[in-house]
Every structure is written in structure tokens, then in C-alpha cells.
Amino acid sequence: MEINSSFNNYNDEDVFDLRSPLANRMRPRTIDEYFGQTHLLSKGQVLRNMLDRDNISSMIFWGPPGVGKTTLAKIIANQTKSSFINFSAVQSGIKEIKEVMQRAGDQARLGIRTIVFVDEIHRFNKAQQDAFLPYVENGSIILIGATTENPSFEINSALLSRCKVFVLKALDKKDMFKLLKRTMSDERGFGRMDVEIDDSDLELIAAFSDGDARTALNTLDMSVNNAKLTKEGTLKVDRAIIEQCMGKRALLYDKNGEEHYNLISALHKSMRNSDADAAVYWLARMLEAGEDPLYIARRVVRFASEDVGLADPSCLQLALAAYQACHYIGMPECSVHLTEAVIYLSLAPKSNKMEVAYFKARDDARVMLSEPVPMNIRNAPTKLMKDLGYGDGYIYAHDTEEKIAKMTCLPESIKDHTYYEPTEFGFEARMKERYEQKKKFLRGDK
């Protein structure tokens, strides 16, 4: 547990001790030095207004690793002249929470505001999270929690209702490049050293980091520390050194460029064509180049419904399970889960009829946005609505022998439109039989 006053968060020893990690040395000290999160920190945005007016309330920072959640909390403490307590959810329990709250209460009586920053707050159980509640409510502390998980699912509703949630985004390549460029000239970074590195290589590191500033700075630090010393006394960082530090062979892969979309297209179309070998190859190409496995998993989930659909409904379950495995395990272990999903979906029977059905219904909906809901399927929660005919003619399908009611559920103008046209592949063949029986019944065919 780290406790600082607002006046000693950043002292000269911290700034210029070249033995400390580069990411720590380059930690922004003010809002002006902070890169990214312009949607929160630009003039007129809510968080910036809270800072400028010195009107800070408890909040949750939700975002991926390395986007500056801890740094932003420290900057807030400095700018608002508050005591800052850095509290780890991994290492602390209720006993430690109460000790910190007692100290914060003592400082509050002296007129000192305390910001308690809880990293990975989602790791606290309900009892631990509840321990903060009375202190947040009585104003003894301002709680700033940081989480990489969705607060709606991981933070107790009572605590969450007392905190404003701010979503922090991964740094884009422009901001990451600016950070690396400043590191090369800043005395806290390599400004006092004679280092030569091309801007194109800084851009490469920025792309490789995938929005994680800590990863970018660690990669740059390792690259400079392994640079070649020239006869002129200059440290020369070349592409080969960066490649070794990244541990990646496919460094030309740009996650936001054309190759990114080419490869995901190749994976998708190989699965659609039931070519499991090609699909696994394109999967490996992306993963070995550093692609985010969750991005691939999301595309596989989409494929499960777009290209397999009701021909094998279990594909969606498998794809979602693969996504969860990637989320919990990460690379390189989750490669096997993605491979399992990709091979199964490649060999599954295919049908795109659900997507076709939606597009046809969408086209009608876009030009018929004011079509009235038929009276028989309108809800009638009040007497007035019942008197107006809401719900008249409704037949409860479960009360019929066939479990299908002979009534129209589409607007009158399109009551005969057909959107879903099932295939005869896989499980969808059974769906087609059921679908056609329903149509015949409604038409009165024998």
C-alpha cells in the first residue's frame, strides 16, 4: 500500500533515477502531459470540468491495461491537493481497508482530503467492496477504482451507484507515437543520451503496443538498452533489435491497416468454404503477428450466426465459449480454443438464411417505421386501452391444440411477406419442416 501527500508524488529522485523502469519515469505529472482520453479530459468534458472546478466525486475508471488509470488518479490527487493512497485489491483485505479508512478519517478532521485509489477493484469480493460504502457516503474518502472488467457485473450495485463510471480507451497510434517521441527527448527518458532511432520504428512500436503505453515504453526501453554503439558514440536502434525485443516475426502486420482486414477476410471466407486447413493457417498468421485474440473471437461469434446459423445452433455456443476462454486465459494458451472453434465452424453445415431474413425485414422496416402494431397483439395494461380494443382477438397459442394461433402478427400492409426461407442443411432442415407446417396450418391447407 502506497501513501503519498499531494506534494511528494513526484520528486526529483523519482524523476531522474534512471534505475527505475522507463514507464515509471515517464509517468505524466499533469493533465497537459497526459496522452489520450480526450473524450474525458478536453475542455468542457465532464471529468475535466470536475478537475477544473475542484469538485471531485468517487468514480470508477474502466479500461484496458496500460491506458493510464493509475496515472490519471495521481494527477487528480495532485491537482486537487489531496492525499493519495494507492491500494491494491490483490494484496489487501478488510483489515487493511479499515486501517486506511481510519487514517483517511484522521486526515479529514485535519481538513485534508484523501483520494483512495483501488487498482483492480473487481478483485474485491462483496464484503470487501461493502467495507468502502460508509466512508464513501460520509465523505471521509474519495474512491477511485480501476478495473479492466465491466463494472456493471463486477462492482456491487450499492457501491457502483455512488460512483461515476468513466470509460478509458486504448491509446491510438498517434498518441502512442507522441508519447514515444517525447520519451526520446525528455530527460526522464532518453533525452540525456545520444540515441538514434527512426520515426518509422517508433511508429512500429506504437502499433505493436496495441494501445498499451506500458508495453510501448517497455519495448522502447529494451530496444535502447540493446542498441549498438557506433564509432561516434551513438546508440543505434535498428529494426532487427526491435524485432528481437518484440519477439514477433511478422512485424509488418498492421492491426489497423489493409493486411489486418485481408487476413480476417481470409479466415472468414475459408471457414465459409468449409476449408478447415486454410482457416487454421490464417488464424495462426494473425495470432503469431500479434493480433488481439478477442478480436478474432468476436469475428468467430459473428460467423457462427451469419454463416452457420440454424444449420447448427451449437456453433454459437461454441464460439461464445471460445471468446470466454480467450478472455480468461489470453495468449498463447487460448490459441487452442480458437482453433477448436475455427475447425468446428469450418466443417459445420452452412446457412445464411437468418441474415438474409433480417436484411429483408430491415428493408421493409426502414420504409414502414410508422406501421401500426395490429390491435390483437397490443398490450392492454389499463382499462382505457382495453376499451379502445387493445388485445381484441388475441389467441393464447398454448391454449390451442396445435400450439399455433390462427391470427396475424404482421402489420396489415405486409401480412403476406415472407422473410425466413430455411435451407435443408443440418438442423435447419427440421426448422424448415416446422416452418412449412406452420404456414400450411395458417393457410388452412390439409
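The values are calculated or read from the model by the stated rules, or taken from the named source; none is laboratory data. Every value quoted in this text rests on a predicted model; they were computed, and no experiment measured them. With ideal geometry, Cβ positions are generated from the backbone for all residues, glycine too; neighbour counts draw on all protein chains shown. For the accessible areas, the whole protein counts, side chains as well, though only heavy atoms, and no ligand, DNA or RNA atoms are used. Shrake-Rupley method; radii C 1.70, N 1.55, O 1.52, S 1.80 Å.
Entry remark, segment 178-201: residues being in contact with a helix residue (DSSP H, G or I) (Cβ under 8 Å, 6 or more places away or on another chain), open to solvent by 50 Å² or more (accessible area, probe 1.4 Å) and either at pLDDT 95 or above or outside any loop (DSSP other than H, G, I, E, B) (or both) number 2 in total. Report yes if some residue within segment 307-316 is within 22 Å of the chain's Cα centre (by Cα) and under 23 Å from Lys432 (Cβ atoms); otherwise report no. Yes, because at least one residue in segment 307-316 is within 22 Å of the chain's Cα centre (by Cα) and under 23 Å from Lys432 (Cβ atoms). Within segment 129-147, if we keep just the residues that are among the polar types (S, T, N, Q) and modelled with pLDDT under 85, the residue that is surrounded by the most Cβ atoms within 10 Å (Cβ to Cβ) turns out to be Ser140. Scanning segment 399-413 for residues that are in contact (Cβ under 8 Å) with a residue 24 or more places away in the chain and among the small types (Gly, Ala, Ser) turns up just one, Ser413. Condition first: among the charged types (D, E, K, R) and open to solvent by less than 40 Å² (accessible area, probe 1.4 Å). Now tell me which residues in segment 25-55 satisfy that. Within segment 25-55, Arg25, Glu33, Arg48 qualify. Within segment 132-163, being over 16 Å from the mean Cα position of the chain (by Cα) and in a helix (DSSP H, G or I) holds for Leu133, Pro134, Tyr135, Val136, Glu137, Ser157, Ala158, Leu159, Leu160. Selection over segment 262-291 of residues that are of a type in the set (Asp, Glu), touching a residue at least 24 places away in the same chain (Cβ under 8 Å) and open to solvent by 50 Å² or more (accessible area, probe 1.4 Å) gives a count of 2.
Scanning segment 406-416 turns up at least one residue that is assigned to a loop (DSSP other than H, G, I, E, B), in contact with a Gly (Cβ under 7 Å, 6 or more places away or on another chain) and over 14 Å from Lys353 (Cβ atoms). Flag set for Phe166, criterion: within 22 Å of the chain's Cα centre (by Cα), open to solvent by less than 50 Å² (accessible area, probe 1.4 Å) and aromatic (Phe, Trp, Tyr).
Go through segment 96-123 and give me each residue that's in a helix (DSSP H, G or I) and of a type in the set (A, V, I, L, M). Those that are in a helix (DSSP H, G or I) and of a type in the set (A, V, I, L, M): Ile97, Val100, Met101, Ala104, Ala108, Ile121. Take Lys174 and decide whether it is under 23 Å from the mean Cα position of the chain (by Cα), without any contact (Cβ under 8 Å) to a residue 60 or more places away in the chain and surrounded by fewer than 22 Cβ atoms within 10 Å (Cβ to Cβ). Judged against the criteria, Lys174 is a match.
Residue-wise test of (1) modelled with pLDDT under 85; (2) in contact with a strand residue (DSSP E or B) (Cβ under 7 Å, 6 or more places away or on another chain); (3) basic (Lys, Arg).
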site	(1), (2), (3)
Glu2	yes, yes, no
Glu13	yes, no, no
Phe16	yes, no, no
Ser20	yes, no, no
Thr30	no, no, no
Met50	no, no, no
Thr70	no, yes, no
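Checking Ala405, Ala357, Ala348 one by one, the residue that is over 23 Å from Leu267 (Cβ atoms), at pLDDT 90 or above and surrounded by 15 or more Cβ atoms within 10 Å (Cβ to Cβ) is Ala357 and no other. Residue pairs whose Cβ atoms lie under 9 Å apart, sitting 6 or more positions apart in sequence or on different chains, and linking a residue in segment 131-160 that is closer than 13 Å to Val100 by Cβ to a partner that is part of a helix (DSSP H, G or I) and open to solvent by 30 Å² or more (accessible area, probe 1.4 Å), are Ala131/Ile94; Ala131/Lys98; Ser140/Gln107; Ser140/Ala108; Ser140/Pro134; Ile141/Ala108; Ile141/Tyr135; Leu143/Tyr135. In segment 207-248, the residue that is modelled with the lowest pLDDT out of those that are buried (at least 19 other Cβ atoms within 10 Å of the Cβ) and on the phi > 0 side of the Ramachandran plot is Asp210.
In this structure, does Leu287 turn out to be part of a loop (DSSP other than H, G, I, E, B), at pLDDT below 95 and among the hydrophobic types (A, V, I, L, M, F, W, C)? When the stated conditions are applied, Leu287 does not pass them. Among residues of segment 343-362 that are closer than 18 Å to Leu318 by Cβ and of a type in the set (Lys, Arg), those with a beta-carbon under 7 Å from a residue that is open to solvent by 70 Å² or more (accessible area, probe 1.4 Å) and not in a helix (DSSP H, G or I) at least six positions away or on a different chain give the pairs Lys350/Phe425. Of the residues making up segment 309-331, those that are touching a residue at least 60 places away in the same chain (Cβ under 8 Å) and in a helix (DSSP H, G or I) are Gly309, Leu310, Ala311. Residue pairs whose Cβ atoms lie under 8 Å apart, sitting 6 or more positions apart in sequence or on different chains, and linking a residue in segment 421-441 that is more than 18 Å from Ser305 (Cβ to Cβ) and assigned to a helix (DSSP H, G or I) to a partner that is open to solvent by less than 60 Å² (accessible area, probe 1.4 Å) and at pLDDT below 85, are Lys438/Ile404; Phe441/Ile404.
Can you find a residue in segment 383-394 that is under 22 Å from Lys432 (Cβ atoms) and either surrounded by 13 or more Cβ atoms within 10 Å (Cβ to Cβ) or aromatic (Phe, Trp, Tyr) (or both)?
no
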